[in-house]
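Student: The structure that follows is given in the form of structure tokens.
The values are calculated or read from the model by the stated rules, or taken from the named source; none is laboratory data. Remember, predicted model here, so these are calculated numbers, not experimental data. For neighbour counting, all protein chains shown are included, and Cβ atoms are generated from backbone atoms with ideal geometry for every residue, glycine included. Only protein heavy atoms, including side chains, enter the accessible area calculation; ligands, DNA and RNA are left aside. Shrake-Rupley method; radii C 1.70, N 1.55, O 1.52, S 1.80 Å.
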Amino acid sequence: LILEISLKKSILMKTGVAVFTSALLASMPLRVDDRQEPVNAEANNNEVYAGIAIGSTKLTSDFKVTKGSKIDDSDSGYMLFVGRELGNGWAIEGFYADLGEVEWSGKAGDKFALGKPAYVVSEDIKVTASGRTMGVAGKYSWNVHRKTRLYAKLGIHSWKTKLRVSKGAGAGPSDADGVDAMGGIGVEYAISEQLRVIVGSDNYVAEDDFVSLTYVGLRFGFN
């Protein structure tokens with residue numbers, strides 16, 4: 001029996017609110033200056049940033065259920081990232097992503113396909129695969145509005161999957177790993193000079209399979 005399933009859980013974030021008071025100014029003339037610098041989508045050159053994103057994952061592979069057996073190829077996942085703006089829209093970004101879990105189960109007599117070859121399950125089986133990865137990507141962003149910019153990234157990642165067969169022949173754990181390409185697209189919206197909301201989708205190659213992470217998150221800049 002040949003199985004190839006390659007492939008996460010949520011994290012929470014919080015921000016603080018600073019409140020300040022001023023005293024000993026009662027006798028001094030005060031004037032409120034309501035002129036404020038507008039928030040701009042353009043990030044500062046050499047700015048270091050970090051962030052977190054959560055979302056859902058989806059596995060795309062040659063594994064197809066043809067009769068009886070079931071596969072759950074979607075899950076939740078998250079990503080942690082840190083980067084640096086290089087100027088002219090370019091940045092470099094490192095990341096760690098938890099790509100969730102895939103589960104396949106079948107009973108004796110069920111059928112599945114791995115590419116063109118078809119197989120019949122000889123005895124009841126249950127397989128769970130979880131994946132995680134880390135890597136680095138080059139990123140390019142361009143403004144589409146005063147507070148909004150789009151981005152695209154391309155890089156490499158080192159992935160690892162843990163495969164657990166809980167029923168049937170070959171029951172027990174098994175690991176796989178590799179290095180492959182990844183890419184992604186997304187949009188940033190500047191809430192302030194340091195804080196941005198991001199929405200996007202990253203896609204990871206893992207041998208002959210593909211895993212996508214569609215996410216929403218926060219990006220914090222450090223000038």
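Student: Give the number of residues within region 106-115 that are assigned to a strand (DSSP E or B) and of a type in the set (Lys, Arg).
Tutor: Residues that pass the stated criteria total 1.
Student: Being hydroxyl-bearing (Ser, Thr, Tyr) and over 32 Å from the mean Cα position of the chain (by Cα) is the filter; apply it to region 89-135 and report the residue that is farthest from Gly221 (Cα to Cα).
Tutor: The qualifying residue farthest from Gly221 (Cα to Cα) is Ser122.
Student: While we're looking at this one, here's another question. Between a residue in region 98-113 that is more than 24 Å from Thr161 (Cα to Cα) and any residue that is among the small types (Gly, Ala, Ser) and at pLDDT below 80, which pairs come within a Cβ distance under 6 Å, given they are 6 or more apart or on different chains?
Tutor: Asp110/Gly68; Asp110/Ser69
Student: Next question, about the same structure. Being out of contact with any Phe, Trp or Tyr (no Cβ under 7 Å at 6 or more places or on another chain), over 30 Å from Val48 (Cα atoms), in a strand (DSSP E or B) and open to solvent by 10 Å² or more (accessible area, probe 1.4 Å) is the filter here; which residues of region 71-105 pass it?
Tutor: Of everything in region 71-105, those that are out of contact with any Phe, Trp or Tyr (no Cβ under 7 Å at 6 or more places or on another chain), over 30 Å from Val48 (Cα atoms), in a strand (DSSP E or B) and open to solvent by 10 Å² or more (accessible area, probe 1.4 Å) turn out to be Asp72, Ser74, Asp75, Glu101, Glu103, Ser105.
Student: Say we look at region 57-70 and pick out the residues that are under 27 Å from Lys139 (Cα atoms) and open to solvent by 50 Å² or more (accessible area, probe 1.4 Å); which of these is nearest to the chain's Cα centre (by Cα)?
Tutor: Residue satisfying both the conditions and the ranking: Lys58.
Student: Tyr96: closer than 14 Å to Met182 by Cβ, of a type outside the set (Val, Ile, Thr) and either modelled with pLDDT of 95 or more or out of contact with any Leu (no Cβ under 7 Å at 6 or more places or on another chain) (or both), yes or no?
Tutor: Yes, satisfied.
Student: I need the full set of residues from region 161-182 which are modelled with pLDDT of 95 or more and surrounded by 16 or more Cβ atoms within 10 Å (Cβ to Cβ), in order please.
Tutor: Of everything in region 161-182, those that are modelled with pLDDT of 95 or more and surrounded by 16 or more Cβ atoms within 10 Å (Cβ to Cβ) turn out to be Asp180, Met182.
Student: Now for a separate question. When you look at Val144, is it among the β-branched types (Val, Ile, Thr) and surrounded by 14 or more Cβ atoms within 10 Å (Cβ to Cβ), yes or no?
Tutor: Judged against the criteria, Val144 is not a match.
Student: Could you figure out which of (1) in contact with a His (Cβ under 7 Å, 6 or more places away or on another chain); (2) under 17 Å from Met79 (Cα atoms) isn't true of Ala152?
Tutor: (1) is the only condition that Ala152 fails.
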